[in-house]
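Asks: Before anything else, here's the structure in question.
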Amino acid sequence: MSDNKVWDIEVLLEDEVFDYVEYAVNSWREWITKTMNEIEKIEMKEVKLLTYFSIMEMMAQEYDNFPSNKLQDSFTKFVLKFQNKYDFLEAVDPITLFYRVEDIVVPKVNLNNLVDGEIYLPKSKHISDKVLEIETELIAKNGKEYADKKLKEHRYVDLLYRMRCRLSHEFSAPHISFSKVINEPSYINCSRQYVSNGRLVNDAVWQLRFPVGFVKDLCLNCLENYLDYCLKEHIPPNKNNGLDRKCELSWYSR
C-alpha cells in the first residue's frame with residue numbers, strides 16, 4: 001500500500017476484492033448516466049449547456065486540485081488532455097478574433113472572401129487562411145508577443161470557456177447552433193437589426209456557432225477518458241474533493 005492512501009486499500013468481501021478506486025469510478029459512471037438521462041428531458045438548450053459545462057469544469061478543477069485562480073487555464077488544459085475526438089480545439093478561430101482586433105487589421109484583412117450562404121467548418125481552408133492573414137497583420141502592427149496572446153485567447157477551446165462564462169453569468173447563449181445536420185462548430189453569416197444608442201442598426205456579420213450536441217459529446221468524451229485515466233493511475237476521480245476543503249465550512253477557498 002503506497003503512502004497509506006485509503007484508495008489503495010483492497011478488502012476481501014465474500015471471496016470478492018473490494019477496490020475503492022473501481023467503486024468510485026463506477027459510481028461516477030452511474031451518476032453521469034442518470035444525469036444525462038434527466039437532462040435530456042429538458043427542452044431548454046441553455047440548461048443543457050450549463051449542465052455539460054458544469055460537469056467539465058468540475059472535472060477540470062478536481063484534476064487541477066481546485067485552483068483559486070486561472071480557472072480558464074484549468075478548463076482548457078483538462079479538455080485538451082482528455083478529449084480525443086476533436087483535433088481542431090487547439091486551433092484558432094479567425095472570425096471572433098477578427099471582430100476583436102478589427103480596428104488593428106483593417107483594411108489589410110477583411111471577411112469579404114467568405115461567401116454569403118456558405119457554411120464553413122473549423123478545418124475549411126478559407127478559415128485557416130484567414131488565421132494566417134490576421135496573425136501576419138497583428139505581428140506587423142503590434143509585435144509577435146501581442147499576436148501570440150490574442151491568437152491563444154481565440155482558440156476554440158478557450159472560446160468554449162467564454163461561452164460557458166456568458167451562459168453562467170448572464171444565462172445567455174446567443175452562439176448556439178440550431179442546425180440538425182451539422183454536429184460540430186460552424187460559421188454562418190446573418191443579417192442583424194438592433195438598437196444602439198437609440199438608433200436602429202442593420203448589419204451583416206459572420207458568427208461562430210456551437211451545437212449543443214457537440215458540447216455534450218465533448219463532455220462525455222472527456223469524462224470517459226478521465227475515468228479511464230483514474231483507473232490506470234489507481235486514483236479516485238474525486239480524491240481532491242473532500243470535506244477538508246476550506247470552502248466546505250467557510251464558503252471561500254482561501
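Asks: Under the condition of being at pLDDT 90 or above and charged (D, E, K, R), which residue from the stretch 8-32 is least open to solvent (accessible area, probe 1.4 Å)?
Replies: Here the answer is Arg29.
Asks: Same structure again: Name the pairs whose Cβ atoms lie under 8 Å apart, with the first residue in the stretch 198-210 and under 20 Å from Pro122 (Cα atoms), the second among the aliphatic types (A, V, I, L, M) and open to solvent by 40 Å² or more (accessible area, probe 1.4 Å), and 6 or more positions between them or separate chains?
Replies: Hits for this filter: Trp206/Ile188; Gln207/Ile188; Arg209/Ile188.
Asks: Still on this structure, please answer the following. Which one is farthest from Leu218 (Cα to Cα) among residues in the stretch 74-102 that are touching a Pro at 6+ places or on another chain (Cβ under 8 Å) and not hydrophobic (A, V, I, L, M, F, W, C)?
Replies: Asp93
Asks: Specify the residue that is farthest from Ser186 (Cα to Cα); the eligible residues are those in the stretch 100-157 that are under 23 Å from the mean Cα position of the chain (by Cα), small (Gly, Ala, Ser) and part of a helix (DSSP H, G or I).
Replies: Ala147
Asks: For residues that are under 25 Å from Val79 (Cβ atoms) and either open to solvent by 50 Å² or more (accessible area, probe 1.4 Å) or aliphatic (A, V, I, L, M) (or both), tally how many sit in the stretch 182-212.
Replies: The qualifying residues number 6.
Asks: Another question, then. If the requirement is being farther than 15 Å from Phe82 by Cα and aliphatic (A, V, I, L, M), which of these qualifies: Leu249, Leu220, Leu231, Leu227?
Replies: Leu249
Asks: Another question, then. If I filter the stretch 164-181 down to residues being aliphatic (A, V, I, L, M) and over 24 Å from Leu114 (Cα atoms), which single residue comes out as least open to solvent (accessible area, probe 1.4 Å)?
Replies: Leu167
Asks: Looking only at the stretch 69-99, filter to residues that are aliphatic (A, V, I, L, M) and surrounded by fewer than 18 Cβ atoms within 10 Å (Cβ to Cβ); which one of those is modelled with the lowest pLDDT?
Replies: Here the residue is Leu71.
The values are calculated or read from the model by the stated rules, or taken from the named source; none is laboratory data. Computed from a predicted model, the values in this text were never measured in an experiment. No Cβ is skipped: glycine too gets one built from the backbone with ideal geometry, and neighbour counts run over all protein chains shown. The area values use the complete protein model at the heavy-atom level, side chains included, leaving out ligands, DNA and RNA. Shrake-Rupley method; radii C 1.70, N 1.55, O 1.52, S 1.80 Å.
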